[in-house]
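This report concerns only the one structure given below.
The values are calculated or read from the model by the stated rules, or taken from the named source; none is laboratory data. None of these values were measured; they are calculated from a predicted model. Cβ coordinates were reconstructed from backbone atoms using ideal geometry, including for glycine residues, and neighbour counts include every protein chain displayed. Heavy atoms of the whole protein, side chains included, go into the accessibility calculation; ligands, DNA and RNA do not. Shrake-Rupley method; radii C 1.70, N 1.55, O 1.52, S 1.80 Å.
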Amino acid sequence: MVWVGNQTLISHFIFLGLFTHSPLHIFLFSITMIMFLMALSGNGLMILLINVSPHLHTPMYFFLSWLSLMDLMLISTIVPRMAVDFLMGHGSISFTGCGLQILFFLTLTGGECFLLAFMAYDRYVAISNPLRYSVVMSRRVCWLMVSGSWLFGLVDGLIQAVFTLSFPYCGSQEIDHFFCDVPAVLKLACADTSLYETMIYVCCILMLLLPFSVISASYLKILVAVLRMRSAEGRQKAFATCSSHMAVVSLFYGAAMITYMRPQTYHSSKQDKVVSVFYTMITPMLNPLIYSLRNKEVARALKQLLRRCLCSRGQG
């Protein structure tokens with residue numbers, strides 16, 4: 001605690017967490033850890049396969065490798081600390097630590113918002129204009145898109161981390177959440193946060209609605225192009241791929257919009273925690289399954305890698 005005038009400013013926060021130690025919550029915690037391990041292994045495997053397989057060195061898989069890295073970092077920013085807090089029976093985080101968690105979390109989620117939009121545009125160009133695909137999606141353009149995703153995410157993370165921690169916190173230390181989520185932290189501020197909430201709305205329009213609009217427009221044009229295909233098998237394959245992609249994208253953006261685009265008065269701690277699980281744990285686990293591991297090219301790369309490992313073990 002730090003005394004300023006007649007107020008006591010807090011120096012750390014205490015997480016109330018996602019689970020209690022009831023039998024049901026212990027079971028749910030076990031499911032969460034399985035999801036965490038699946039996300040680590042799935043995304044880690046995708047990064048490895050894309051880097052060691054020459055036939056996966058294309059723009060689509062280039063973006064997928066960065067998506068896997070973002071998901072890997074995102075879930076690692078949240079889940080390990082949450083698990084340690086649950087196992088120890090209590091969890092606290094310093095003021096600075098909370099700011100860093102906000103920074104990393106929003107940088108990664110913001111970066112992923114833009115990266116998903118660029119990935120949708122990449123698929124649109126590949127299907128709608130295949131002859132000019134290699135020119136439009138050159139290596140330089142791909143690097144600019146990835147760099148832009150990280151830059152936009154970092155700017156958003158810095159702005160929100162600095163502004164959130166600029167408020168005085170002199171009341172309760174207890175954050176009714178399992179990580180330093182901005183709406184949950186703001187509830188503890190002993191100052192008027194209405195202007196900052198307005199700024200968050202503006203940031204969300206830029207970070208969520210604009211990329212989601214690009215994704216929706218891209219997949220709508222892809223749908224039109226698919227309907228013009230003469231091959232029934234090609235149409236069915238494209239429909240299956242696009243529908244699964246849109247399902248995961250809608251899950252990620254929908255959960256983020258519910259959390260960050262509602263007025264503070266409409267926030268429920270229990271609801272916020274449940275919704276946060278979708279974009280911090282579920283989508284990082286689903287992305288490698290939906291985007292890549294069902295793909296024949298990725299399956300071929302996995303078989304080649306396993307064959308190479310077995311051969312080297314046999315020679316050894």
(request) Select from segment 282-297 the residues that are surrounded by 22 or more Cβ atoms within 10 Å (Cβ to Cβ) and modelled with pLDDT of 80 or more and list them in ascending order. (result) T283, P284, N287, P288
(request) Could you please give the count of residues in segment 58-75 that are in contact (Cβ under 8 Å) with a residue 24 or more places away in the chain and open to solvent by 50 Å² or more (accessible area, probe 1.4 Å)? (result) 3
(message) Between a residue in segment 20-40 that is open to solvent by 80 Å² or more (accessible area, probe 1.4 Å) and any residue that is assigned to a helix (DSSP H, G or I) and of a type outside the set (D, E, K, R), which pairs come within a Cβ distance under 8 Å, given they are 6 or more apart or on different chains?
(response) M38/M285
(message) Can you tell me which residue is most open to solvent (accessible area, probe 1.4 Å) among those in segment 175-207 that are touching a residue at least 24 places away in the same chain (Cβ under 8 Å) and acidic (D, E)?
(response) D176
(request) Could you please tell me which pairs satisfy a Cβ distance under 9 Å, a separation of 6+ or placement on different chains, a first residue in segment 235-260 that is in a helix (DSSP H, G or I) and open to solvent by 20 Å² or more (accessible area, probe 1.4 Å), and a second residue that is modelled with pLDDT of 70 or more and polar (S, T, N, Q)? (result) K237/S231; T241/N295; M246/S216; L251/T283; I258/Q271
(message) What's the total number of residues in segment 142-160 that are open to solvent by 10 Å² or more (accessible area, probe 1.4 Å) and touching a residue at least 60 places away in the same chain (Cβ under 8 Å)?
(response) 1
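Would you check which residues across segment 144-176 are among the charged types (D, E, K, R) and not in a helix (DSSP H, G or I) and list them?
If the condition is that a residue be among the charged types (D, E, K, R) and not in a helix (DSSP H, G or I), then E174, D176 are the ones that fit.
Taking H55 as the residue in question, decide whether it is in contact with an Asp or Glu (Cβ under 8 Å, 6 or more places away or on another chain) and open to solvent by 20 Å² or more (accessible area, probe 1.4 Å). Before you say what the answer is, go through the steps one by one.
Values: in contact with an Asp or Glu (Cβ under 8 Å, 6 or more places away or on another chain): yes; open to solvent by 20 Å² or more (accessible area, probe 1.4 Å): yes.
Yes: the conditions hold for H55.
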